[in-house]
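For reference, the structure discussed in these notes is given below.
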Amino acid sequence: MISRTIAALALLTTSVFSYASPELLVPLEVPNTQLAHVETLVIDGDINDSLQLLLDNTLKNKTSDFYVIDEISEDTFNNTLTVVITLYNQPILLPTDDWSLS
């Protein structure tokens, strides 16, 4: 009983300090939402690297909410893969002063 409680507290403590990775959005979704642009990143890697692994390694320390893959290009002569992504955050909506009932 005590070991389960300790394990649950340990899991809760570690989950509080972990950050969630940004979620992938389709580029067509961006104009229809009010997202705040954070930054644009250019990721260079080996042509044989996994695209998902490249993205995961780049985004694991980012605190944005969403990302969009803007461009993927390969250079077969130099065996390189270049991915351009844009990071976005959801805007913080402040409460309005309109208290009227409609």
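Bear in mind that the values in this text are calculations on the coordinates, not laboratory data. Owing to the predicted nature of the structure, the values given are computational and were not obtained by experimental measurement. Positions of Cβ are generated from backbone atoms using ideal geometry, with glycine treated the same way; all protein chains shown enter the neighbour counts.
Worth a mention:
- Full extension of the segment from Q34 to E74, taken as 0.36 nm per residue of separation minus the current Cα-Cα distance, would add 11.2 nm.
- Distance between the pseudo-spin-label points of V84 and S50 (7 Å out from Cα toward the beta carbon): 2.7 nm.
- For the range 19-89: relative contact order, % (alpha-carbon pairs under 8 angstrom, 6 or more apart): 46 percent
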